[in-house]
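Quick notes on the structure that follows.
The values are calculated or read from the model by the stated rules, or taken from the named source; none is laboratory data. Being a predicted model, the structure only gives us computed values, none of them experimental. Every residue, glycine as well, gets a Cβ built from its backbone with ideal geometry; the counts of neighbours run over all protein chains shown. The accessibility values were calculated without ligands, DNA or RNA, using every heavy atom of the protein model including side chains. Shrake-Rupley method; radii C 1.70, N 1.55, O 1.52, S 1.80 Å.
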Amino acid sequence: MVLFVSYSGLFGGAERLLVDFARGLDGERAIACPPGELDGASGRAGLRTFPLRARSLHLRGGGAGLRARALMDLVGHARELRALARALEPEVLVLWGMRSALASLLARDVGPAAFQHNDFLPGPLTGALVRRAASRAALVTAPSRAVLDELSVRGLVIAPGVALERFDASAVPVSPPEVLVLGALAPWKRPDLALEAFELVRERHPEARLTFVGAPLPGDDRSFADRLREPDARFAGAVGDPAGELSRCTCLLHCAEREPFGIAIVEALAAGRPAVVPDAGGPAEIVDQSCGLRYPPGDARAAADALAAILEDPARAARMGAAGRARVAERFALEAQQARYREALTALARPAAVRSGASLTIVTVTHNSAGVLPAFLSSVQRHLPSVPVVVADCASGDGTAAVAGELGAEVLELENVGFGAACNRALGQVTTQVAALLNPDVELVDDSLLALATEALAHERLLAPRVLNPDGSLQETVHPVPGSAAGLAHALVPPAVLPGPVLAPWRSKRPRRVGWAVGAALVARTDTLRALGPFDERIFLYGEDMELGLRAARQGIETWLWPAARVIHRGGHSIEAVHGGEPFELRARARHEALALALGPRRAAFDDRLQALTFASRRALKRALGRSAERERRQLEAVR
């Protein structure tokens, strides 16, 4: 997995570049970002996303209060960054932008990462900290030489690219001629300079028109944009694709004096339109004399002279447009830039282990699972294409069996015999040496289940991968033996504050023996599972995994967490729909029955009392903290 971490959930040029580069990578790509346009664009591009908390983007200026808030936001971002890196253990971690790079200085155990630096440094203190973060990075990339040079570290300039086919260079500009300003209506983009320059242009070309395409950035003061309103200019607002506006114009005008790159300029060249740009920063690296004109930054008169020269000579403008499109094809084609970025990240990744799926079959049990099954089977096809899947369907009424068959799984249609009995039946269809029992609301993130298959062949064990929530946090899917010292601590102390992997084994970064593992994801030799049952069919639902782990231990078969393998588990898709929420009474009864079968009635009764104490203490703690304790109240009632 390559994991990109972005502090921002907006979708500006930097975030668009993130999606473009991520789409060009092989294997699993994931983006961690706050809710927003970036999250939506990532999902539409087929990229996995992990949610981060939305935090203020205004980290500069203001008084001590704002600076303190900015620091706390970075600390919070660092905490999220560290948790995700530890849970997912990506092959490559990419810190996208200065804020994530700064957060990495505060996060422990993140390890070397790639740093994509997208902007100019804002000031001496922040600049020094960003340079320190860059010096620790395993790879530094930037969109322009101007941005990279500020860091004073070695790195790669990999410019953004555009797909030429998006733009029709044969379109004829409208008449009277239009000059286009494309970008956010933000002070640093200098749209006010564009208005000043265009007033000078109209002294010689009163027929010319000026069009602004863009809007204020979210959270910005809109009064600046309101003051720009000029009756002789057209304000088109933000557009999803600027290709249509570019096909209308005669040329592009860009005015930002400190522009890190300028993707709008590349788009204008791709559309066959010359560009008038400041002779500084990224624009000066994009435009040469063949395809546009450069002027001293901030000089409205020089910008106006350059515009007039292009408007007065349509043939020259056409030649510049053709040269600009050729320049984009040579230096800024999207596929070529994606390939350069892919090559740079590939050099960072650890050599992939050579794994074979010939010894593994995946078994899943479904009941009205049509909504989650496609994601599960698609993830198997993507990461383990040679591994067969057996779907044991328990009388679904929503077409689950048909969905499974259409997606290439072997389907075993059953009555609603219960989870354990269905697993037992499905194992009869397995012909490989190892079987993985996975819930249908699980998704694979890589091929690491094959590592479990290899381990299962080497040692007769029940093996549990690390299980993640959809937000990348760890699920508590491995547990100590109920009633043991570790089990007592787990029952009496809130899981969030349990210290160390002995008392909170699901946090372990190394393989560890556990008492039992949740049945959402288990791997073992097929003959071992068959010899165990694996499940006691007297248990219809819930508790069968605990009973299996405890019974297997009595027969000398240990249960181990194997955190090098990992899956994502959404949970509760079927049973909660039936019960209208979490079935607390069903779970409590199933746990009691499972422990009675595995350890005897006295241990089950003792566990009931311990569970009651657990939920009562957690309810009291939540109420003392002023938080809702309704869930704990219902759990306590169910145990009683």
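Quick notes on this structure:
- Considering segment 42-138, the qualifying helices (runs of 4 or more DSSP H), each wholly inside and each with 1 or more residues that are open to solvent by 40 Å² or more (accessible area, probe 1.4 Å) and free of Cβ contacts under 8 Å to residues at least 12 places away in the same chain, run over 64-88, 124-136.
- The residues of segment 14-41 that are under 25 Å from Ile265 (Cβ atoms) and open to solvent by 50 Å² or more (accessible area, probe 1.4 Å), listed by number, are Arg16, Arg23, Glu37.
Matching residues to (1) surrounded by 16 or more Cβ atoms within 10 Å (Cβ to Cβ); (2) acidic (Asp, Glu); (3) farther than 18 Å from Cys249 by Cβ:
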| site | (1), (2), (3) |
| --- | --- |
| Leu151 | yes, no, yes |
| Ile158 | yes, no, yes |
| Val162 | yes, no, no |
| Asp168 | no, yes, no |
| Glu178 | yes, yes, no |
| Val181 | yes, no, no |
| Leu195 | yes, no, no |
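- Total residues in segment 507-531, condition of a type in the set (A, V, I, L, M), surrounded by 18 or more Cβ atoms within 10 Å (Cβ to Cβ) and outside any strand (DSSP E or B): 3
Rundown of residues vs (1) in a loop (DSSP other than H, G, I, E, B); (2) under 22 Å from Asp545 (Cα atoms); (3) among the hydrophobic types (A, V, I, L, M, F, W, C), yes/no style:
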position: Gly397; (1), (2), (3): yes, no, no
position: Val403; (1), (2), (3): no, no, yes
position: Glu413; (1), (2), (3): no, no, no
position: Val417; (1), (2), (3): yes, yes, yes
position: Gly420; (1), (2), (3): no, yes, no
position: Cys423; (1), (2), (3): no, yes, yes
position: Val430; (1), (2), (3): yes, yes, yes
position: Leu437; (1), (2), (3): no, yes, yes
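- When segment 620-632 is limited to residues that are open to solvent by 70 Å² or more (accessible area, probe 1.4 Å) and within 21 Å of Leu586 (Cβ to Cβ), the one that is modelled with the lowest pLDDT turns out to be Arg631.
- When segment 226-256 is limited to residues that are over 25 Å from Ala318 (Cα atoms) and more than 33 Å from the chain's Cα centre (by Cα), the one that is surrounded by the fewest Cβ atoms within 10 Å (Cβ to Cβ) turns out to be Pro231.
- On inspection, Leu474 fails the criterion of being open to solvent by less than 10 Å² (accessible area, probe 1.4 Å), within 29 Å of the chain's Cα centre (by Cα) and under 30 Å from Arg82 (Cβ atoms).
- Taking every residue in segment 593-614 that is over 20 Å from Gln635 (Cα atoms) and pairing it with any residue that is open to solvent by less than 40 Å² (accessible area, probe 1.4 Å) and not acidic (Asp, Glu), at least 6 positions away or on another chain, the pairs with Cβ-Cβ distances below 7 Å are Ala598/Leu550; Ala598/Arg551; Leu599/Leu550.
- Arg273 being buried (at least 24 other Cβ atoms within 10 Å of the Cβ) and basic (Lys, Arg): yes
- Segment 203-222, residues that are open to solvent by less than 40 Å² (accessible area, probe 1.4 Å) and not aromatic (Phe, Trp, Tyr): His205, Ala208, Leu210, Thr211, Val213, Gly214, Ala215, Pro216
- Close pairs (8 angstrom Cβ cut-off, 6 or more residues apart or separate chains): free of Cβ contacts under 8 Å to residues at least 60 places away in the same chain in segment 160-185, buried (at least 16 other Cβ atoms within 10 Å of the Cβ) and charged (D, E, K, R) anywhere: Pro176/Arg209
- Matching option when the condition is open to solvent by less than 30 Å² (accessible area, probe 1.4 Å), over 18 Å from Ile539 (Cα atoms), of a type outside the set (D, E, K, R) and within 30 Å of the chain's Cα centre (by Cα), among Val434, Val389, Val403: Val389
- Pairs meeting the criteria (first residue in segment 246-263 and of a type in the set (A, V, I, L, M), second residue in a strand (DSSP E or B) and open to solvent by 10 Å² or more (accessible area, probe 1.4 Å), beta carbons under 7 Å, at least 6 apart or on different chains) are Leu252/Leu182; Leu253/Val181.
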